[in-house]
1. With the structure loaded, tell me whether Ala107 is more than 17 Å from the chain's Cα centre (by Cα) and either at pLDDT 85 or above or of a type outside the set (S, T, N, Q) (or both) or whether it fails that test.
2. Within the range 238-265, track down each residue that is among the hydroxyl-bearing types (Ser, Thr, Tyr) and farther than 21 Å from Leu228 by Cβ.
3. Which one is modelled with the highest pLDDT among residues in the range 126-143 that are surrounded by fewer than 18 Cβ atoms within 10 Å (Cβ to Cβ) and among the β-branched types (Val, Ile, Thr)?
4. Could you list, in sequence order, the residues of the range 230-257 that are farther than 16 Å from Phe189 by Cα and either without any contact (Cβ under 8 Å) to a residue 24 or more places away in the chain or not assigned by TED's automatic domain parsing to the domain that holds Asp183 (or both)?
5. Quick test of your reading of the structure: Thr256 fulfils all but one of (1) farther than 29 Å from His108 by Cβ; (2) assigned to a strand (DSSP E or B); (3) of a type outside the set (Gly, Ala, Ser); (4) in contact with a Cys (Cβ under 9 Å, 6 or more places away or on another chain). Name the failing condition by number.
6. When the range 49-69 is examined, which residues are found to be among the hydroxyl-bearing types (Ser, Thr, Tyr) and not in a helix (DSSP H, G or I)?
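The values are calculated or read from the model by the stated rules, or taken from the named source; none is laboratory data. What you are looking at is a predicted structure, and each value in this text was computed from that prediction instead of being measured. Glycine gets a Cβ as well: all are built from the backbone with ideal geometry, and neighbour counts include every protein chain shown.
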Amino acid sequence: MNLRHLTTFVTIVESGTLTEAARRLYKTQGAVSHDLKELESALGLALIDRSGQRIQVTAAGETLLPVITDVLRRVREVERVGRKLREGELGVVRVGTLPSLGTFVLAHLVEFQRSFPDVRFTLFTELQTVLADWLADGRIDLVLAQPELSSRLEAHTLDAEEAYVVVPSDDPLAERDTVCAEDLVGRPFIGFVRDTQSTRLAEEFFRPVGRYPDPAIEVEDFRLMAGLIRQRLGIGLMPASALVAEAPDDLIGLRTSPALSRPLVLLTDIRQRDSSSVTALRDQLLERWRAPVYGAPAGGAAAQ
C-alpha cells in the first residue's frame with residue numbers, strides 16, 4: 001500500500017466511476033482498477049462495490065475514506081512546508097537589536113507576520129559588540145543597531161534617533177525647551193558604561209565646557225539610569241527609544257543644543273546567503289522604519 005493507492009481510492013469515490021477517475025488521474029482504466037485491487041488486498045477489505053454501472057462505497061470504504069483523506073491532506077501539507085523550507089519562506093528568522101529598540105522592532109515583526117504568517121522569529125536584545133559578533137558568526141540573521149566598523153558587515157541606513165537630557169519633571173530645567181552643556185555644569189551626571197556610542201554623544205555634548213564630566217554613577221542599562229534620575233541622584237543622556245520605554249510622566253526629556261542624535265542601521269553579513277524571509281523582512285524594515293519619537297507611545301512610531 002502506498003500513496004498512489006490511497007489517491008486512486010479517493011479519486012474513484014469523488015469521480016463516481018472508474019472511467020472518470022482514470023481521466024482525472026491521467027491513467028488507463030485498467031491501471032486505476034489495478035491500484036484499487038492492490039489497496040483492497042493490502043487491507044483485506046472490499047472498499048468499492050463494482051457490481052453496478054456506478055461504483056458504490058462499501059461500509060469499510062465509508063469508514064476509511066475520511067482517514068485516507070486526512071492522510072493525503074497531511075502529505076500535501078508536508079510537501080507544502082518542505083517546498084517553503086527549500087525556498088527559504090519558512091523557519092526562524094533571528095533578529096538582534098539594542099535593548100532600547102526591542103519594543104519598536106517587535107512592532108515591525110508583528111506587522112511583517114501578517115503578510116508572512118508561516119515565518120517565526122527569535123528576537124535577541126544585547127549590546128552592540130555582542131550582536132555584531134553573533135551576526136559575523138552566523139548566529140543571527142539581521143541586527144538593528146548603530147553603525148559597526150567591520151569589513152564583514154554591511155550597514156543599511158535606517159534613520160537617526162534624537163538624544164535627550166533627562167531630568168525629573170519638577171526639575172528647574174524641566175520648563176526649558178532646550179538645554180546646552182553650560183546649563184549642566186556642576187550637576188551630577190549618570191553615565192552609561194556599556195554603550196560607547198552613548199559615551200561619545202555625551203562627550204560631544206559636553207565639549208563646549210571643556211571636558212566630559214566624571215560620572216557620579218555609571219549604569220549598564222537605561223532602566224537603571226531612569227530610576228536613578230527619578231531618585232534625583234543625577235541627570236542622564238538617553239536616546240528617544242529608551243526615553244519612550246523607560247521614562248513615564250515623572251521624567252522629562254529635554255532637547256539639546258546643539259541637537260544630538262545616534263544613527264541607526266540594519267546590519268547584515270555580506271558572506272551570508274539570506275533566505276527569502278530574511279530578505280523580505282530586511283526590505284520592509286528599510287522601507288518602513290521610522291526612528292522612535294519621544295512623546296509617541298512605545299511601538300507607535302515604529303509601526304507607522
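1. No, not satisfied.
2. Ser257, Ser261
3. Only one residue fits best here, namely Val130.
4. Result: Pro248, single match.
5. In the conditions (1) farther than 29 Å from His108 by Cβ; (2) assigned to a strand (DSSP E or B); (3) of a type outside the set (Gly, Ala, Ser); (4) in contact with a Cys (Cβ under 9 Å, 6 or more places away or on another chain), Thr256 misses (1) alone.
6. Pass one, the range 49-69, residues among the hydroxyl-bearing types (Ser, Thr, Tyr): 51, 58, 63, 69.
The answer is Ser51, Thr58.
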